[in-house]
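Beneath this line is the structure, given in C-alpha cells, with notes to follow.
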Amino acid sequence: MTTIIDSSNVKKYCELLQSTVNRFLNTNKYTVCYWDEFCSFFMLKNETDECGFFLKDSSGQLIFLAKTYEEVRGNFDDIWENIKKQQQSKIAPSVNQIAIIDAITTKGGNIAINAVAGSGKSSTLKMVAQSLQEKGVSPSDVKVIVFGKANAEELAEKFGEGWKQSVSTLHSAGFSVLKQKLARNQKVKVDGLKYKKIAEQQGLLDTRNRRGQIEKTGELIARGICEHEQPFLKLIDLLRLNNLEPTPDNVFNVIKHFDIEGLEVSQRLNADWLCDQITDVLGQGIDDALPSDSSATAVVDFTDMIWVPVVTVIKPRYRAQYVLIDECQDLNAAQAELALSLVAPGGRVLAVGDPYQAIMGFSGADDSAYQKLVNRLGAREMPLSICYRCPKSHIRLVNRIFPAIPIQAAEAVEGTVANISALEWVS
C-alpha cells in the first residue's frame, strides 16, 4: 500500500506524480501537519493543485501515502496504524533517552525528567519499562501512573502484553486502595452529588421540593456567605484536592488562589463558623466512604477516590519498586501524596513532566507542582529536550521568545514562520 523512498530522491519521485517539484520545494507552497513524535504528515501542492501526501519518519525517509486527499482520508486509519507500528518498532532512543535508561537501570535515587512538548514522553516511559523488564524487573513491580482512562488504556497497549495491570490512572489506583478498607463484597456507589446532598442534609444549602421550589433556605445563604451552592461545593472540592484542613487561613488562601467567586467570608466570625461546617461535611464524607457497617453501601465521588485514602492514611496493600509518573506537573497535593504512597520501601520514582505545561489548576494543581515534587524527592533532573513535533523554524522561534524553555529541534523539515494581519487571521 505504501512506497518508501529516500528523502534525497524526493524531487525525482515527485516528478512521477507529474508535479512541478521546484515550485513545491523552493516556494514553500506546502502545508505541514504533525501527528505524533514518530512521523510528520505533510502535503506537497503546487498552483495547479497537483499534490502528494507523505509521512516523514524519524530516520528521514519519506513514505508516500497517496496522490489525493480523498485516498488518504479513505484509507488513513489503516495506513496510519501500519505506519505507527513500523516506526515504533524501528525508532532508536535519543541521546536523552539513553541517559535516562542508564540512570534508571544502573544507578540509584529518584529521577525527574524535564520533558518539553513533543519530546516523546510516553515513548520514553515505554523504553524505561522495557529496559527494567530486560534487567529482570517484573511488570508487577512497576506502577505507571497516567492522566485519563483512555491514556492508560492506550499506554498499556503500547507497552505490550503483561503490562495491563501495571498502568492505571490515580483515580483507579486510589479507588483500589480505598476498597481495601471495605468488606470483600461491599457495595460502592459513585455519586457526583455526594457533598451537595450532605450539605443539604446538614441544613447548609437550600432544600427544594420535586417542583424545584425552595422549602428551606440553607444557612450559608441565610448568613450571606454565598448566594448559591456552587462556590461552596467548589471550596469543598479544592480543600480535598489540596489535602488541606479547613482552617480560616486555608479557606482564605484557597478562595484567593483559585479565584472562587461568590463566597463572602471576610468577617472572622463567618470564617470560623464556615470552617466548623466544612469540618462536619468532610467528616460525614469520610464516614459515607468508609461505613463501619459492612452491609451499608459506601458512597464516594471522584475526588474521594484520591482524597479519602490520603486523609485516612490507608497504606496500599500493594506497593511497587518502581513508580513511573506521567505529566507530573499536573499533580495536585492529594494526587502527589497518593502517588508516592504507592512506592515500596526502598523503591524509586521516575516522574516525567513539563513545568511549562501545567494546565490543571482547575483541579487543584499549581504551576510549581513539578518543582515541588523534584524538591520533595530529592530527584536528579534529566532533560528530554528534543522536540519531534515541530519544524526547525518553529523551534528557533520558541528559543528566541522563551529562552528558558530547554527545547531543541529534531531532524525535521525547515517549516515556515509567517506574520499575518488580524484581518487575514479572521478571514
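The values are calculated or read from the model by the stated rules, or taken from the named source; none is laboratory data. Predicted model, so just to flag it, every value in this text is computed and none were measured. Please note: Cβ atoms are built from the backbone with ideal geometry, for glycine as well, and neighbour counts cover all protein chains shown. Side chains included, ligands, DNA and RNA excluded: accessible areas come from the protein's heavy atoms. Shrake-Rupley method; radii C 1.70, N 1.55, O 1.52, S 1.80 Å.
Details
- Taking each residue as 0.36 nm, the span from Ala418 to Lys315 lengthens on full extension beyond its C-alpha to C-alpha distance by 31.6 nm.
- Global size of the stretch 290-411 as Cα Rg and Dmax, reported in angstrom: 18.7, 64
- The residue list Pro309, Val343, Thr297 was ranked by how far each Cα lies along the charge dipole of the stretch 274-388 toward its positive end, using unit charges on Cβ atoms, and Val343 comes out on top.
- Near the amide H of Gly218, within less than 5 Å, lie the amide hydrogens of Asp206, Thr207, all on another chain or at least 5 residues away, with H placed in the peptide plane.
- Using θ = phi - 60° and Karplus 6.51 cos²θ - 1.76 cosθ + 1.60, couplings along the stretch 307-314 (whole Hz; Gly, Pro as x): 6, 4, x, 6, 6, 9, 6, 7
- Euclidean distance between Cα centres, the stretch 179-219 to the stretch 392-420, Å: 52 Å
- Apportionment of accessible area to carbon and sulfur, the stretch 173-213, percent (1.4 Å): 42 percent
- Cα convex hull of the stretch 137-277, projected area averaged across orientations, nm²: 12.5 nm²
- Note that the stretch 257-343 shows a convex hull volume over its alpha carbon atoms of 142 Å³ per residue.
- Packing rank of 111-124, 228-241, where each peptide gets the mean count of other beta carbons within 10 Å, highest leading: 111-124, 228-241
- Calculated from backbone phi, Karplus (6.51, -1.76, 1.60) coupling profile of the stretch 218-227 in Hz, x at Gly/Pro: x, 5, 4, 6, 4, 7, x, 6, 8, 9
- Near the amide H of Ala112, within less than 5 Å, lie the amide hydrogens of Ala351, Arg380, Glu381, Met382, all on another chain or at least 5 residues away, with H placed in the peptide plane.
- Environment charge at Val343 (Cβ cut-off 15 Å; Lys +1, Arg +1, Asp -1, Glu -1): +4
- Cα-Cα over 29 Å, subset of Lys158/Lys187; Lys121/Lys179; Lys149/Lys179; Lys149/Lys392; Lys194/Lys256: Lys158/Lys187; Lys121/Lys179; Lys149/Lys392
- The stretch 271-427, accessible surface, carbon-and-sulfur percent (1.4 angstrom probe): 55 percent
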